[in-house]
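Participant: Quick one: this structure, given as structure tokens, is what I'll be asking you about.
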Amino acid sequence: MKRYEIDGTFYYCPVDLTLSIIGGRWKSLVFWNLRNGTKRFGEIKKILVGINDKMLTQVLRELEKSGIISRKVYEVIPPKVEYSLTDDGRKLLPVMQLMADWGEKFEI
């Protein structure tokens, strides 16, 4: 049986591993909204109605730790931080696009 590992956690199914990285209410939405380019914290928060600062910070940290997004800090005052997809994150875009296409059939 094949075994997969990321961040010290072992998985026996690659789909389970992938879902652990981008699954959940907010992770996939943050990921999907970075598909068109770099965004700052405030921009992401405006798009994701209902997310609070603490949750958005947690989601961004988890996605960064997984190597899906990158965080660039500019040494200016006030602080400026930008988030964008990494190469590995962009490799997931076709999968997410297929999910979006499938979900579109439920539009009313």
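Participant: Among Ile51, Ile77, Ile69, which one shows the highest mean-square fluctuation when the chain is modelled as a Gaussian network with alpha-carbon springs under 10 Å?
Facilitator: Of Ile51, Ile77, Ile69, the Gaussian network model singles out Ile77 as fluctuating most.
Participant: A follow-up question, please. Name the residue from Leu17, Leu60, Val95 whose Cα lies farthest towards the positive end of the charge dipole of the chain, charges +1 on Cβ of Lys and Arg and -1 on Cβ of Asp and Glu.
Facilitator: Leu60
Participant: Could you check the simple spin-label distance between Asp53 and Asp87, using points 7 Å along Cα→Cβ, in nm with one decimal?
Facilitator: 3.6 nm
Participant: Moving on to the next point. Where in the chain is the longest stretch that carries no chymotrypsin sites (Phe, Trp or Tyr not before Pro) classed as loop by DSSP and with at most 15 other Cβ atoms within 10 Å?
Facilitator: Excluding the exposed sites themselves, the longest stretch runs over 13-105.
Participant: On to the next question. Taking GluC sites (Glu not before Pro) as candidate sites, keep only those in a DSSP loop with at most 14 other Cβ atoms within 10 Å, then name the longest stretch of the chain containing none of them.
Facilitator: Longest gap between qualifying sites, sites excluded: 1-74.
Participant: I would also like to ask the following. Answer with a single label: of (i) 8.6; (ii) 6.2; (iii) 7.0, which was calculated as mean projected area of the Cα convex hull in nm² from the structure in view?
Facilitator: Identified label for the calculated read-out: (i).
Participant: OK, next. Would you mind getting me the FRET efficiency between Arg3 and Arg25? Use the beta-carbon distance for r and R0 = 22 Å, nearest 0.05.
Facilitator: Numbers: r = 28 Å, r/R0 = 1.28.
After rounding to 0.05, the efficiency reads 0.20.
Participant: With n ≥ 4 as the cut-off for DSSP H runs, can you work out [θ] at 222 nm for the chain, using -39500 (n - 2.57) per run divided by the number of residues, rounded to the nearest 500?
Facilitator: Roughly -13500 deg cm²/dmol at 222 nm, from the helical runs in the chain.
Participant: Now a separate question. Using DSSP to define loop residues, name the trypsin sites (Lys or Arg not before Pro) in region 13-88 whose beta-carbon has at most 16 other beta-carbon atoms within 10 Å.
Facilitator: Passing sites in region 13-88 are Arg25, Arg35.
Participant: On to the next question. How high is the relative contact order of the chain, given as a whole-number percent (alpha carbon pairs under 8 Å, six or more residues apart)? Could the numbers behind the result be given before it?
Facilitator: Numbers: 103 pairs, mean separation 24.4, N = 108.
Relative contact order here is 23 percent.
Participant: Could you tell me how many degrees, from 0 to 90 and to the nearest 10, lie between the Cα long axis of helix 53-65 and the main elongation axis, the longest principal axis, of the Cα atoms of the chain?
Facilitator: 60 degrees
Each value in this text was obtained by applying a stated rule to the coordinates, not by laboratory testing. Here the structure is a predicted model, which means the values were calculated and not measured. Cβ coordinates were reconstructed from backbone atoms using ideal geometry, including for glycine residues, and neighbour counts include every protein chain displayed.
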